[in-house]
Amino acid sequence: MSVTAQIAKLREQLEEWSYQYYALGNSEVPDAEYDRWFRELEALEAKHPELITSDSPTQRVGAAPLESFQQVAHQVPMLSLGNAFDEQEVRDFHRRICELLDTSEPITYVAEPKLDGLAVSLIYRDGTLAQALTRGDGHTGEDITQNVRTIKSVPLRLRGAAPGVVEVRGEVVMQHAGFERLNEQQIEAGLPPFANPRNAAAGSLRQLDSRVVAQRPLDFFAYSVAQLTAMEWPATHSALLAQVRDWGLQVSQEVKLCTGVEELLTYYSALAAKRDVLPYDIDGIVYKVDRLDWQEDLGYVSRAPRWAVAHKLPVQEEVTTLLDVDFQVGRTGAVTPVARLKPVQVGGVTVSNATLHNMDEIKRLDIHIGDEVVLYRAGDVIPKIVSVVLSRRPQEAKAITLPTACPECGSEIFTPEGEAIARCTGGLICPAQQKEALRHFVSRRAMDIDGLGIKLIAQLVDKGWVKSAADLYQLQAGAVAGLERMGPKSAENLIQALEKSKNTTLARFLYALGIREVGEATAEALANHFGSLSAVMQADEDALQQVEDVGPIVAGRIRHFFAEPHNQAVIAALLDAGIHFPEGEFNAPQEEQPLEGQTWVLTGTLSEMTRGEAKEALQALGAKVSGSVSKRTHIVVAGEAAGSKLTRAQELGVTVWEESQLLDLLAQYRE
Ligand code: I6G
């Protein structure tokens, strides 16, 4: 094969995997495989620089920082949306639309979450990303092409046919997991953390050096198309979104067709209830009339479309008072200041505590006890104090100081040179560290010991019965039954849960040990790589670094952990107590599931559930859900406005189901 053909093949495969991952939410291959192909392409391009094109997956990061961003006029203004703050305002919106359209036909809407990020317009010319602009004042934005090119969910080239100008609009966001990681890095580097994911995304896009932006976990979700110069517009917004997804862009998995206002309100309640488990912040739900001809008839009023509205969700930032600060000692001795707040409703939940991270953060915020503070809370993000309302500081406001002795064990508190985190030097004589280590050991994803909550752990440690995890297995039902809020039955259940936990896996056991920086994924990788506990315990730092994602710091932590005689003694006692796991034999077959071995494809917009929900339900029955149709596909489920995948299935003679057939199947297994 010629080098040109090899390069083309590598690029095509990498683009296909990106499409599978971002547009369809499917990871066909592990990251390592993607990286291998990527490196191969980089190596070939390094040898043949004349073959590098700007839309190659290797060409996302610009070489030189910009001096400033250019101002660019939008061809089509970037408008804002009208808001509806309650149910009545949504009913008014629907009534207005019915009156203006003057039709007896039911009105179908596309409902989708309004992501809380920054609106960005992507301009593709003949399928290649040419320009990315911020919203700016709606008429003129800034050219942030260099930065947006680094966002992996933005294809540099659209899949399939996309002639002329295609202008796609959407939101650049930072998902919660990436935001938390970024803030941890900021804190470790002695830099101020970002107040919320939106600020982190905005701060990232404002960087003049795209190499910095490339390190930031940004994402793009498309929500509309502003220009199509050489293609027919489809009849509906839902078909347009299906086309956008086919081009390889990410569209929220939550998009749903709703007919009439009652369905909109049901969707709102369902999504509001799910808000905390969504991976990104949303600040409302957008309803759009699905038919594009109706959108045109309805037109605009004072720079907002009449055919769409944003139904707002409760705000995720509120002001409250800092009543006090406690210092908590974690599993690894880290001393964390915790803010005790006057209880306040944020994002629909009452919050009375928030983390303050460390003393640097207290200094940075210039926070005093008694201050009024701005609090942010979203989903799985720990509530966080964002800023202080300095103008309202009361006279009696009190400065916050780090205690010199551990509040739990009295040992010295020490902040290592150059680090922001203070630590209790008591190690495992510190009951707080013992309790947290035990809490981690028994947790669901570790040894999964039911019935051992933090209150019971605290009693066991405070009585001196349990100092390390191994002591748990010496507990007697009779003694446990006498503890607070326990009785013979719950004590017996606990002993049984302990007994059951003895049969575990090496990965869970390694994770349960609570080695610093060894999370679930690392524990799994260690178990798979070494195959036995003794091999992990004996591995030196070089051998440990052969494991995926284990660098010198983590290798050092693992080595130190196993070299510590106290830890060796606890492990020996745990094994003596009867903890066991298969060694050297992995991926044991599980019970056969009904759709085991089948590959399904979901396409188009489903009406009763989102594609994400359908995918989860099918996977729970053992099916693999793929983004592309092939001869090996068992069934294609085609929803509203299904496009090229439906055609492909028909060409290949693959069975095509309607949504109702899928619902029947799922109902059958739910019974
Ligand atoms: O700001 C917006 C967020 C989300 C939007 C929007 C949207 O759809 C999900 N749609 C339009 C049409 C506009 N702004 C103008």
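Could you give the size of the charge dipole of the range 534-671 about its Cα centre, using +1 on the Cβ of each K and R and -1 on the Cβ of each D and E, expressed in debye and rounded to the nearest 20?
The calculation lands at about 520 debye.
Please report, in whole Å, how far the alpha carbons of the chain spread along each principal axis, starting with the longest.
If we take the Cα atoms of the chain, the spans are 75, 69, 59 Å.
With an 8 Å cut-off on Cα pairs and a minimum separation of 6 or more residues, tell me the relative contact order of the chain in percent.
10
In whole angstrom, note down how far apart the Cα centers of the range 361-378 and the range 187-262 are.
That distance is 31 Å.
Could you order peptides 118-124, 33-39, 389-395, 128-134 by the average number of other Cβ atoms within 10 Å of their residues, highest first?
Those peptides, ordered most packed to least, come out 118-124, 128-134, 33-39, 389-395.
Using the C-alpha atoms of the range 596-671, what convex hull volume per residue, in cubic angstrom, is computed?
Given the Cα convex hull of the range 596-671, per-residue volume reads 76 Å³.
Please state the relative contact order of the range 255-335 as a whole percent: Cα pairs under 8 Å, 6+ residues apart?
Normalised by residue count, the contact order of the range 255-335 is 23 percent.
Less than 13 Å apart at the alpha-carbon level, and either on another chain or at least 8 residues along: which aspartates and glutamates does that give for residue 463?
Candidates past the 8-residue exclusion: 471, 484.
Lys/Arg Cβ at +1, Asp/Glu Cβ at -1, dipole of the range 363-458 taken about the Cα centre: which of 391, 458, 428 is farthest positive-ward?
Of the options given, the answer is 391.
Only Cα pairs under 8 Å and at least 6 apart count here; give the relative contact order of the range 74-181 as a rounded whole percent.
The normalised contact order for the range 74-181 reaches 29 percent.
Can you give me the Cα centroid spacing of the range 447-490 and the range 307-354 in angstrom?
The distance from the Cα centre of the range 447-490 to that of the range 307-354 comes to 31 Å.
Please give the Cα centre distance for the range 129-172 versus the range 515-552, rounded to the nearest Å.
41
So if each residue of separation counts as 0.36 nm, and I subtract the Cα-Cα distance between residue 36 and residue 326, what length gain in nm does that give?
That pair, residue 36 and residue 326, stretches by 99.6 nm at full extension.
Taking all protein chains in place and a 1.4 Å probe, what share, in percent, of the accessible surface of the chain do carbon and sulfur account for?
49
To the nearest 20 debye, what charge dipole does the chain have about its Cα centre, counting +1 at the Cβ of each Lys and Arg and -1 at the Cβ of each Asp and Glu?
Computed about the Cα centre, the dipole is about 640 debye.
Of the peptides 352-359, 568-575, how do they stack up when ordered by the mean number of other Cβ atoms within 10 Å, highest first?
Peptide ranking by packing, descending: 352-359, 568-575.
Give the percent of DSSP beta bridges with both residues in the chain that are antiparallel, rounded to the nearest 5.
Around 85 percent of the beta bridges assigned by DSSP in the chain are antiparallel ones.
Binning at 10 Å from 0, report for the range 110-206 what percent of all alpha-carbon pair distances ends up in each bin.
Calculated P(r), rounded to whole percents: 15, 40, 32, 11, 2.
Identify unpaired cysteines across the chain, taking unpaired to mean no other cysteine Cβ lies under 4.7 Å from the residue's Cβ.
98, 258
For the range 345-481, rounded, prolate or oblate, judged on the Cα gyration tensor with a ≥ b ≥ c (square roots of eigenvalues), a/c < 1.5 rounded, else prolate if a/b > b/c?
Prolate is the answer for the range 345-481, as a/c is 1.5 or above and a/b outweighs b/c.
At 37 °C and 0.692 mPa s, what whole-number value in µm²/s does Stokes-Einstein give for the translational diffusion of the range 177-227, with Rh from the Kirkwood sum over Cα pairs?
The Stokes-Einstein estimate is 273 µm²/s.
Using helices alone, what [θ] at 222 nm do you get for the chain, with -39,500 (n - 2.57) per DSSP H run of 4 or more residues, divided over all residues and rounded to the nearest 500?
Computed ellipticity for the chain at 222 nm equals -10500 deg cm²/dmol.
By what distance, in whole Å, do the Cα atoms of the range 5-52 stretch along each of the three principal axes, largest value first?
That works out to 34, 17, 13 Å along the principal axes.
Among the aspartates and glutamates, which fall within straight-line cross-link reach of residue 500, defined as a Cα-Cα distance under 14 Å, with same-chain neighbours fewer than 8 residues apart omitted?
Output for residue 500: 448, 450, 492.
Using only the Cα atoms, work out Rg/Rh for the range 481-563, with Rh taken as the Kirkwood radius, to two decimals.
With Rh from the inverse mean 1/r over Cα pairs, Rg/Rh is 1.17.
May I ask you to order 600-606, 485-491 by the average number of other C-beta atoms within 10 Å around their residues, highest value first?
The most tightly packed comes first, giving 600-606, 485-491.
Can you find, among 554, 610, 598, the residue sitting farthest towards the positive end of the charge dipole of the range 534-623, where Lys and Arg contribute +1 and Asp and Glu -1 at Cβ?
Going by the Cα projections, it comes out as 610.
For the range 160-174, just list the computed ³J(HN,Hα) in residue order, Karplus coefficients 6.51, -1.76 and 1.60, θ = phi - 60°, integers in Hz, with x standing in for Gly and Pro.
The phi angles translate into x, 7, 8, x, x, 8, 10, 10, 10, 10, x, 10, 8, 10, 10 Hz.
Per residue, how large is the accessible surface of the chain? Use a 1.4 angstrom probe and give square angstrom.
48
Working out 0.36 nm times the residue gap between residue 227 and residue 199, then minus their Cα-Cα distance, what length gain in nm do you get to one decimal?
Length gained between residue 227 and residue 199: 7.2 nm.
Of all the C-alpha pairs in the range 275-405, what % are more than 19 Å from each other?
Value for the range 275-405 (Cα pairs over 19 Å): 60 percent.
Mind checking which lysines have their Cα closer than 23 Å to the Cα of residue 288? Skip sequence neighbours fewer than 8 apart in that chain.
Within reach: 114, 256, 274, 312.
Out of the range 435-522, which GluC sites (Glu not before Pro) are coil in DSSP terms and have no more than 13 other C-beta atoms within 10 Å?
Filter output for the range 435-522: 484.
So how strong a dipole does the range 386-534 carry about its Cα centre when Lys and Arg Cβ are +1 and Asp and Glu Cβ are -1, to the nearest 20 debye?
380
In nanometres, what is the gap between the two model label sites at residue 99 and residue 300, each 7 Å from Cα along Cα-to-Cβ?
2.3
The values are calculated or read from the model by the stated rules, or taken from the named source; none is laboratory data. Predicted model, so just to flag it, every value in this text is computed and none were measured. All Cβ positions, even for glycine, are placed from backbone atoms using ideal geometry, and neighbour counts span all protein chains on display. Calculation scope for accessible area: heavy atoms of the full protein, side chains included, ligands and nucleic acids excluded. Shrake-Rupley method; radii C 1.70, N 1.55, O 1.52, S 1.80 Å.
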